[in-house]
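Report on the structure given below.
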Amino acid sequence: MALTWFDAEAAKTFGTSLAVLFIEKIPVDESGVDDKLFARKTKKTLAAMTTKVTEFRKNNGLNIYKRAQLGNAFKWKLKEAGYSPEYINELTLWLVKQL
């Protein structure tokens, strides 16, 4: 039982997959896009992510350690993609609140 508490591989994989989904839908270089269009795309993407998070949360027991690992994997994948640190922090905070 205690060993499964620290098994966060599924959470890390899920966090990375959420970041990949976000990166695919909202590329880093969206500077030429209208603000309203960007906001609409972001809202739609976050809604899709919320559905995935809810489903994952139902099927997987997430303790504090696994939540932290999920958020960390999400954050690092966004950093690797080149998003600004402020934007990454906002998205990660949003994700942690969903968990």
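When the range 56-95 is filtered for residues that are exposed (fewer than 14 other Cβ atoms within 10 Å of the Cβ) and of a type in the set (A, V, I, L, M), the ones remaining, listed by number, are Ile64, Leu93. Applying the condition of being loosely packed, with under 11 Cβ neighbours inside 10 Å and either aliphatic (A, V, I, L, M) or at pLDDT 95 or above (or both) to the range 1-23 and asking which residue is farthest from Gln69 (Cα to Cα) yields Met1. All of (1) surrounded by fewer than 18 Cβ atoms within 10 Å (Cβ to Cβ); (2) more than 30 Å from Thr4 (Cα to Cα); (3) not hydroxyl-bearing (Ser, Thr, Tyr) hold for Ile26 with one exception: (1).
Scanning the range 60-99 for residues being at pLDDT below 95, of a type in the set (S, T, N, Q) and either assigned to a helix (DSSP H, G or I) or in contact with a strand residue (DSSP E or B) (Cβ under 7 Å, 6 or more places away or on another chain) (or both) gives a total of 2.
Since Val53 meets every condition but one in (1) at pLDDT below 95; (2) surrounded by 15 or more Cβ atoms within 10 Å (Cβ to Cβ); (3) closer than 17 Å to Leu93 by Cβ, which condition does it not meet? Result: Val53 passes all but (1).
Just give me the residues in the range 58-83 being of a type in the set (Phe, Trp, Tyr) and over 13 Å from Ala11 (Cβ atoms), in sequence order. Within the range 58-83, Trp76, Tyr83 meet the criteria. Residue-level analysis places Thr42 outside the set of residues that are surrounded by 15 or more Cβ atoms within 10 Å (Cβ to Cβ), within 30 Å of Leu3 (Cα to Cα), touching a residue at least 12 places away in the same chain (Cβ under 8 Å) and out of contact with any strand residue (DSSP E or B) (no Cβ under 7 Å at 6 or more places or on another chain). Against the numbered list (1) modelled with pLDDT of 90 or more; (2) more than 12 Å from the chain's Cα centre (by Cα), Asp29 comes up short only at (1).
The values are calculated or read from the model by the stated rules, or taken from the named source; none is laboratory data. Computed from a prediction, not measured in an experiment: that's the story for all the values here. Glycine gets a Cβ as well: all are built from the backbone with ideal geometry, and neighbour counts include every protein chain shown.
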